[in-house]
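First comes the structure, then the notes that go with it.
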Amino acid sequence: MDTIPLVQASLGDQELAAVAEVFSSGWQAGQGPRGKALEQELAARYGAGGAVAVSNCGAALHLALLALGVEPGDEVIVADYTFPAPAHAVRYVGGVPVFADVRADTGTVDPQAVAGLVGPRTVGVIAVDTVGLPADYAELKAITDRHGLFLIEDAACAVGATYQGREAGALAPVACLSFHGRKGITSGEGGALITTDPAHAAHARLRSSFGIESIFDQARVVGLPISVFTDIGYNYKLSDIAAAILQVQLARVGELLDRRRAAAAGYAELLAGEELLTLPHVPPDRTHAWQSYLVTLAPSVDRAAVAADLRAQGIGCGHGTWACHLQPVYDTTQPCPVSADLFAHQLAIPMHAELTGNQVERVAETLRTALQANSQPTTSTAGTQGGAA
Ligand SMILES: *Cc1c(COP(=O)(O)O)cnc(C)c1O
């Protein structure tokens, strides 16, 4: 029985050839020629004032908050249903993450919840394009503009997605991307900060390199320039090896996303009418990057048992993402009931660009059978819907 992994990167000969070039180029560390070229390509792609290539999206979020001047005690409203990187970043700078509940249909942050949480100490909002689906930026922008707050788009999962015809990564003045192995395009680990403000980009680039200018650039200056350290920075640079891989991957966004779209369309067709789950909803004004494919199981279904059945048959699966407010690290009593509900009932099934049509069929069929086998009959007269397996 061949196994069908939950996630799989699409890295091949083109990426290997790009890496080989960097090996013989004389510069493998960060902020070299490959990193600069990648930054230019990213800035062009997103029509941005600046793009900074960094080691991961968590670093990009940290640098974004530093560039925006978030200070200890400041409150930042963060989407609750997500990998907890945004709330962690708020904590890195001594801020207080305030968790906003999400829409039940999309899992993206609920603008009304955001509006209700704005208070005297609020300085900004981090919205998340949940597993690749853009949030409601028109409504969010209206709220942040009204209150003079910053708005950051965490587009970690959303490269290639669109909202009202615009690219995810350009939906807020500052956006953060991830190139982790589980995202749509990858260099193993990697990230980028995209911003409309060149000053923010310069600030972030400096802080990503211990607080000094590119050492590659310094080495080309005639004479003996000696960098002066005036601010504490971090080492968040992306290596030129990773940048070279990403240049190739960036050119493949369309091709890889088409393949993920085909898998998503296959699931939607094959799982249609299955009463024990709800399929992902994509509002008509946006497109999904399908970083993950999350189905919401009916309350009568034992999710752990379904997952065990899938795994026993070689099919990778996982929970959806996290309800951040429930994570002990944040020590909060804030309620986010919709997020908590999605956290309890969503299931991620295999989604990547290497899935074949046959594999999609096998996943859908196995899932239907597992749902029937692991659902408590409800007390209503309807009973379980037959004919599925
Ligand atoms: C994966 C992810 C991150 C973290 O990305 P890294 O590159 O691993 O730091 C941040 N935010 C969201 C929404 C993510 O899904």
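The values are calculated or read from the model by the stated rules, or taken from the named source; none is laboratory data. Source: prediction; values computed, not measured. What goes into the accessible areas is simple: the full protein's heavy atoms, side chains included, and nothing from ligands, DNA or RNA. Shrake-Rupley method; radii C 1.70, N 1.55, O 1.52, S 1.80 Å.
Which residue fluctuates most in the GNM of the chain (Cα springs below 10 Å): Gly124, Gly223, Gly211?
The residue with the greatest mean-square fluctuation here is Gly223.
Restricted to Cα positions, what overall size does the range 254-373 have along the principal axes? Three whole-Å values, descending.
Largest to smallest, the principal-axis extents are 45, 36, 25 Å.
Can you put Phe210, Phe150 in order of accessible area, largest first, using a 1.4 Å probe? Before the final figure, lay out each step's value.
Values: Phe210 105, Phe150 25 Å².
Per-residue accessible area, sorted high to low, gives Phe210, Phe150.
Could you tell me what a quarter of the Cα convex hull surface of the chain works out to, in nm² with one decimal place?
Values: hull surface 83.5 nm².
If I average the Cα hull's projected area over directions, I get 20.9 nm².
When the helix-only estimate is applied to the chain (DSSP H runs of n ≥ 4, each -39,500 (n - 2.57), divided by the residue count), what is the mean residue ellipticity at 222 nm, nearest 500 deg cm²/dmol? Intermediate values should be presented prior to the final figure.
Details: 13 runs with 144 residues, N = 389.
Only helices count here, giving -11000 deg cm²/dmol.
Which of the lysines could a cross-linker span from Lys237 if the Cα-Cα distance has to be under 24 Å and same-chain partners fewer than 8 positions apart are dropped?
Lys36, Lys183
With a 1.4 Å probe and all protein chains in place, put Asp331, Asp154 in order of accessible area, largest first. Don't skip to the end; give the middle numbers.
Numbers: Asp331 140, Asp154 10 Å².
Accessible-area ranking of Asp331, Asp154, largest first: Asp331, Asp154.
So, for the chain, what is the accessible surface per residue at a probe of 1.4 Å, expressed in square angstrom? Spell out each step's value before the answer.
Numbers: 16340 Å² over 389 residues.
Accessible surface, normalised per residue, equals 42 Å².
Between the range 56-89 and the range 296-350, what is the C-alpha centre distance in whole Å?
Value for the Cα centre distance between the two parts: 24 Å.
Kindly express, to the nearest 10 degrees and within the range 0 to 90, the angle between helix 240-251's C-alpha long axis and the longest C-alpha principal axis of the chain.
Result, in degrees: 50.
Taking a temperature of 4 °C and a viscosity of 1.567 mPa s, what whole-number D in µm²/s does Stokes-Einstein yield for the range 121-166 with Rh from Kirkwood over alpha carbon pairs? Show your work: numbers first, answer last.
Details: Rh = 11.1 Å.
Estimated via Stokes-Einstein, D reaches 117 µm²/s.
Rolling a 1.4 angstrom probe over the protein chains, ignoring ligands and nucleic acids, what is the accessible area of Thr130 in square angstrom, nearest 10?
10
Quick one: work out Rg over Rh on the C-alpha atoms of the range 149-269, Rh as Kirkwood radius. Please list the in-between numbers first.
On the way: Rg = 17.6 Å, Rh = 16.5 Å.
Computed over Cα atoms, the ratio is 1.07.
Which of Ala219, Ala243, Ala251 ends up with the largest GNM mean-square fluctuation for the chain, with Cα atoms connected below 10 Å?
Ala219
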